[in-house]
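Have a look at the structure below before the remarks.
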Amino acid sequence: MPVSSDSLSPRLREWRVNAPRDPQFRARVRERIAARSAVATWPEFARRHAVALGLVVVVAVAGGAAGGRGWAKSRDAALSARLAEEYIGGLDARLVARR
Amino acid sequence: MRNILITVALVVAVCAAAFGTGFVLGGDRALHEAERDGDALAWLRAEFRLSDAEFTAIRRLHEDFSVECGRHCAAIIAARERRAPAGEVAELERTCVDAMKVHFRRVAALMPPAQGERYLALVLPRVEGHPHHGAPNLRVGP
C-alpha cells in the first residue's frame, strides 16, 4: 500500500524496534577480535599460504639440486683435466729422463 | 614475523639438503675412485666410459707402450749424460712425442668412435705442451 510522505514521518516517530537483547554479544565480539589478533602457529600459517609455500619449496629443491649437480660437474671437470695431465705424464718418456 | 622467519629457515634448509643431494649424486664416483687410488687407467675407463673388453685391450696396449716408453727414456737419459748435442736430444724427444701420438691413436681406435675423437682432442694438444714434471707410470697423484 503506498504511503504518503505526509504520513511517513509520524510513523517513523512511533516506530520502536523490539529486538531481543543478546547478553553474549559483547563477549563474542571480544573473542573474535582476540582470535584475529592472536599470532597463528606455523602449521596454521603454512595451511593459510599452502600454495605459495609449496611453490617456494619446489623452487628451492629444484634450484638447490641443480646448483649441487653443477658444482659437482665443475669439480669433476677440473679433476678430470688434472688426471688427464697425469695420465699423459705417465706415458711421456721425456719426463723419466728429467727426473 | 616469527612464521616468516621459520619459513625462510625451512626453505633454506630444504635448499641446502637438495644442494647436498645434487652434489653427491651428480659427481662421478668412478673418477674420484681413480683419483683416490692414483690410477690413471681407472680415470681413462671412467672418463671415456670404456667397456670391460675395451679397457682390457687398452690396458694391454699401455703395458706394451710402457716398454717402448722405457727405451725412449733410456736413450734420452744416455744422450743427456754424455752431453750429446741439443739437436740429438731434441730428435730423441721428437721420436718420443711421435711414438706417443701413434700410441694415443691406437688407444683411440679401441674406443667407440665418438669417445676416441674426444680422447684424441684431449690428449694430443697436451703432448706438445706438457709441462714434463710428472711420474713415468700410469699412477697419478703422490
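The figures follow:
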| quantity | calculated |
| --- | --- |
| From B:A84, B:A79, B:A17, B:A46, residue being open to solvent by 40 Å² or more (accessible area, probe 1.4 Å), among the small types (G, A, S) and without any contact (Cβ under 8 Å) to a residue 24 or more places away in the chain | B:A17 |
| Options A:S74, A:S7: the member that is modelled with pLDDT under 90 and in a helix (DSSP H, G or I) | A:S7 |
| Some residue of the range A:13-27 being closer than 30 Å to B:M1 by Cβ and at pLDDT 80 or above | yes |
| Odd one out for B:R71, checked against (1) closer than 30 Å to B:E93 by Cα; (2) open to solvent by 50 Å² or more (accessible area, probe 1.4 Å); (3) modelled with pLDDT of 85 or more | (3) |
| Tally of residues being open to solvent by less than 50 Å² (accessible area, probe 1.4 Å), at pLDDT 95 or above and either over 16 Å from B:A9 (Cα atoms) or outside any helix (DSSP H, G or I) (or both) across the range A:28-62 | 0 |
| Residue match in the range B:52-66 (condition: at pLDDT below 90, open to solvent by 70 Å² or more (accessible area, probe 1.4 Å) and either basic (K, R) or not assigned by TED's automatic domain parsing to the domain that holds B:P125 (or both)) | no |
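The values are calculated or read from the model by the stated rules, or taken from the named source; none is laboratory data. The structure displayed is predicted, hence computed values, not measured ones. Heads up, the Cβs are rebuilt from the backbone with ideal geometry, glycines too, and the neighbour counts pull from every protein chain shown. Heavy atoms of the whole protein, side chains included, go into the accessibility calculation; ligands, DNA and RNA do not. Shrake-Rupley method; radii C 1.70, N 1.55, O 1.52, S 1.80 Å.
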